[in-house]
Amino acid sequence: MPRHKHSAVDRNRLKRRLRELLRLELLPVLRSLSVPLDVVVRASAPAYGLTFDALQQELQQLGAQIVRRSRATSAGGDTVTGATDVR
């Protein structure tokens, strides 16, 4: 978790929120895919100011993007690549 000039309390709060949202939002999506994937989520500086609901919306969009890319891969590509930061 990058510091971005925030305290340990802020970093830990963001980590807890992201961990919970990943468990609720992203893991079910990843388990439903036929393609095994590793996902790395890196929070950018604006993520510290987002509410839980805003973070949830960002991760839902990320999940949809992963599904789209994995479908494109299974339709003829060979890898799923791309980087997306959580704001």
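Observations on the model:
- Complete set of residues in region 17-45 that are in a helix (DSSP H, G or I) and more than 13 Å from the chain's Cα centre (by Cα): Arg31, Ser32, Ala45
- Close Cβ contacts (under 6 Å, 6 or more residues apart or on different chains) running from residues in region 59-83 that are at pLDDT below 70 to residues that are among the basic types (Lys, Arg) comprise Val80/Arg69.
Let's see how each residue does on (1) surrounded by 14 or more Cβ atoms within 10 Å (Cβ to Cβ); (2) hydrophobic (A, V, I, L, M, F, W, C); (3) closer than 20 Å to Gln56 by Cα:
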{"site": "His4", "(1), (2), (3)": "yes, no, no"}
{"site": "Arg19", "(1), (2), (3)": "no, no, yes"}
{"site": "Glu25", "(1), (2), (3)": "yes, no, yes"}
{"site": "Val29", "(1), (2), (3)": "yes, yes, yes"}
{"site": "Val39", "(1), (2), (3)": "yes, yes, yes"}
{"site": "Arg42", "(1), (2), (3)": "no, no, yes"}
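The values are calculated or read from the model by the stated rules, or taken from the named source; none is laboratory data. Note that the structure is a prediction, hence the values are computed from the model and not measured. With ideal geometry, Cβ positions are generated from the backbone for all residues, glycine too; neighbour counts draw on all protein chains shown.
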